Amino acid sequence: MFLFVRQNPRWGAANTALVRWLPAEYEDGESEPKGWNPERLHNGFQLPPARTVSREIMTSASKWKDDSYSQLLVDWGQYISHDITLTPQSTSTDGSDVDCLKTCENVHPCFPIKMNDGLQGCMPFFRSTSDCFVNFQSGIRQALQRQQLNAMTSFIDASAVYGHNQKLESFLRDLPGRNGKLAVNARFKDPKGRPYLPFVTKLPSACHQDLQGERVECFSAGDNRVSEGLPLTSLHTLWLREHNRIAEALKHINGHWSPEMIYQETRKIIGALHQIITLRDYAPKIIGPESFKHYIGPYRGYDPSVDPSIANVFAAAAFRFGHATISPILCRLNESFQEDERFPHLRLHNTLFSPWRIVKEGGIEPVLRGVIGSAASAVSADMLLADEVTERLVVLDTLKQMDLAALNLQRGRDHGLPGKILAESQICHSNAIRLSSSYQSDSNHSTPCLKKQTKKTHIICRIDCKELALFPKPSLFTGKQTNLRWACRYGFFSQGNLSAVPYQWSPPV
Ligand code: HEM
Ligand SMILES: [Ca+2]
């Protein structure tokens, strides 16, 4: 049903383990994350709490704009990340009687984020589900280490539109219509009569509500994060409509096709469009045209020796670079591409898990005009993640305001991602000394790593891989000096593992 690698049908399939490029580093060697035992020293220092790193290094009250690209570049990043990676989390009911929403203790599966900033308590954190499959090919030590899963298909195959299992796929289709189309919302249409995504079936859903009028539930799509933000929901809605438009056109010219044939052929086209947009339009802008040419280049055909599975370091660190490109303001524009008088711009936290703003505030158009008509947020050394997501992140099922930077760091530790100097030096066949000297010589670019290091020697530079992906060179999107090239080295676009993708290490410039 889904894309398969012929000789290795589990490669890249949904619900298989994220692959490792380096062995995990757990505090007890097997499964406990670093920081589980706060007294334990790492390289002679206590590991700084994730929330402290977030507040002191990563959060920013404002963001600059980068006129080179529109906000759509950022939103496509989030959308396509949901096609290729979803790391499922344990629930409090996984064989344990602790409630991770309440506890401040490190008790499996809870690894709460201590506030450490005058505020009492903790932010809830559920450890990622562990894989029960043991891969003895990787050696006994690694075989026993905790591994995490990818619930999505690793391929860019529009799984965020169609789902990654048969049950969800059937739910999303308009099977009674016998027309090869996807099901649409039965309650609401947009002001011009165009369809919305269907609602989830478990009601009432946890999505935020307008205080007046009818409830608007969370939408459903091939990926369950669809209602997280308005641009994301708008892109999902566009693909629903595009599927149904193409299905209708195919039916029109191929009257003899069965509904199944129409559906499958349309799906192939939609999947191809996702690949084209990502590799032709998105990736070169993120990593720069030269890096794209160097590391990826033109498609040379199917290679059965490449394991396309998403790497752990990619899902838990590298591709989260996008969190530093989130804008604190969501622009909504009218037909003249001016701020919409009826539906003005919004602070980001007011837009998260709020699908009612699509249904009751003009449909997807004001949002889509906003994402193509406003500039992307630049990442500069002093402005990493907007405080809208470090102080006011909305996550379903908890009333607490969450911190995305702290979640990212804690997730890296939860997954046992190796510390960055070690990781970089081994991945890149370089050595730690050479890497640190390249950092030294980089000081005029004032990476926060070096700048803040003088103040807080032990804080950064020893933490997790993801700082690497976040610390930028002058502009994130220009592609000239961005260290998003590192994300490329981490293998996103090559879609293979280290042995399959030889590349040369060169110091960051
Ligand atoms: C408003 C925008 C966004 C919000 C609110 C958001 C929120 C989140 C949250 C809450 C998580 C889970 C954190 C955890 O518990 O570990 C996450 C994961 C992630 N995000 Fe974002 N994000 C946004 C934009 C982006 C962008 C622009 C990108 C990339 C270009 C991105 C890439 C990822 C990736 C790769 C993951 C890991 C997915 C997984 O494997 O489960 N996100 N995001
Ligand atoms: Ca996929």
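Taking segment 31-48, which residues are assigned to a loop (DSSP other than H, G, I, E, B) and at negative phi? Working first, answer last.
First, pick out the residues of segment 31-48 that are assigned to a loop (DSSP other than H, G, I, E, B): 31-40, 43-44, 47-48.
Scanning segment 31-48 gives Ser31, Glu32, Pro33, Lys34, Trp36, Asn37, Pro38, Glu39, Arg40, Leu47, Pro48.
Only residues that are more than 23 Å from Lys400 (Cα to Cα) and part of a loop (DSSP other than H, G, I, E, B) were counted in segment 196-232, giving 12. Are any residues in segment 310-324 within 16 Å of ligand 2 (Cβ to nearest atom) and either at pLDDT below 90 or assigned to a helix (DSSP H, G or I) (or both), and if so, which ones? Matches in segment 310-324: Phe314, Ala315, Phe319.
Just so you know, in segment 328-349 the residues that are free of Cβ contacts under 8 Å to residues at least 24 places away in the same chain, assigned to a loop (DSSP other than H, G, I, E, B) and among the charged types (D, E, K, R) include one that is surrounded by the fewest Cβ atoms within 10 Å (Cβ to Cβ), and it is Glu341. The sole residue among Gly180, Gly222 that is out of contact with any strand residue (DSSP E or B) (no Cβ under 6 Å at 6 or more places or on another chain) and within 16 Å of ligand 2 (Cβ to nearest atom) is Gly222.
Any residue that is within 17 Å of the chain's Cα centre (by Cα), within 24 Å of Arg55 (Cβ to Cβ) and surrounded by fewer than 21 Cβ atoms within 10 Å (Cβ to Cβ) - is there at least one of those in segment 373-393? No; the residues of segment 373-393 include none that is within 17 Å of the chain's Cα centre (by Cα), within 24 Å of Arg55 (Cβ to Cβ) and surrounded by fewer than 21 Cβ atoms within 10 Å (Cβ to Cβ). One residue stands out in segment 140-161 among those that are in a helix (DSSP H, G or I) and modelled with pLDDT of 90 or more: the one that is nearest to ligand 2 (Cβ to nearest atom), namely Ser159.
Is it fair to say Leu352 is touching a residue at least 60 places away in the same chain (Cβ under 8 Å), away from ligand 2 (no atom under 16 Å from the Cβ) and either over 30 Å from Arg146 (Cα atoms) or not hydrophobic (A, V, I, L, M, F, W, C) (or both)?
The answer is yes for Leu352.
Cβ-Cβ under 9 Å, sequence separation 6+ or interchain: first residue in segment 141-167 and over 16 Å from His236 (Cα atoms) and aliphatic (A, V, I, L, M), partner part of a strand (DSSP E or B) and more than 15 Å from ligand 2 (Cβ to nearest atom). Which pairs? From segment 141-167, the pairs are Leu149/Ala17; Leu149/Ser128; Leu149/Ser130. When the criteria are applied in full, Tyr302 meets the requirement of being farther than 24 Å from Tyr69 by Cβ and either at pLDDT below 90 or within 16 Å of ligand 2 (Cβ to nearest atom) (or both). The residue that is modelled with the highest pLDDT, counting only those in segment 73-95 that are of a type in the set (Gly, Ala, Ser) and in contact with a strand residue (DSSP E or B) (Cβ under 9 Å, 6 or more places away or on another chain), is Ser90. Could you please tell me which pairs satisfy a Cβ distance under 8 Å, a separation of 6+ or placement on different chains, a first residue in segment 195-217 that is within 21 Å of Tyr162 (Cβ to Cβ) and touching a residue at least 12 places away in the same chain (Cβ under 8 Å), and a second residue that is basic (Lys, Arg) and part of a loop (DSSP other than H, G, I, E, B)? Correct list of pairs: Phe199/Arg187. If only residues of segment 125-139 that are modelled with pLDDT under 90 and either in a loop (DSSP other than H, G, I, E, B) or within 13 Å of ligand 1 (Cβ to nearest atom) (or both) are counted, the one that is surrounded by the fewest Cβ atoms within 10 Å (Cβ to Cβ) is Cys132. Set side by side, the residues Leu230, Leu238 differ, and just one is surrounded by 18 or more Cβ atoms within 10 Å (Cβ to Cβ) and under 30 Å from Glu335 (Cβ atoms), which is Leu230. Within segment 240-262, residues that are part of a helix (DSSP H, G or I) sit with their Cβ atoms under 6 Å from residues that are exposed (fewer than 14 other Cβ atoms within 10 Å of the Cβ), at 6+ positions apart or across chains, in these pairs: Pro259/Arg178. For segment 168-182, how many residues are closer than 14 Å to Glu242 by Cα and touching a Phe, Trp or Tyr at 6+ places or on another chain (Cβ under 6 Å)? Of the residues in that region, 1 qualify.
Asp307 satisfies every condition listed in (1) assigned to a helix (DSSP H, G or I); (2) under 28 Å from Asn15 (Cβ atoms); (3) touching a residue at least 24 places away in the same chain (Cβ under 8 Å); (4) not hydrophobic (A, V, I, L, M, F, W, C) except (1). Read through the list (1) modelled with pLDDT under 50; (2) on the phi > 0 side of the Ramachandran plot, then give the number of the only condition that Ala432 fails. The failed condition is (2).
The values are calculated or read from the model by the stated rules, or taken from the named source; none is laboratory data. Keep in mind the model is a prediction, meaning the values are calculated, not measured. Heads up, the Cβs are rebuilt from the backbone with ideal geometry, glycines too, and the neighbour counts pull from every protein chain shown.
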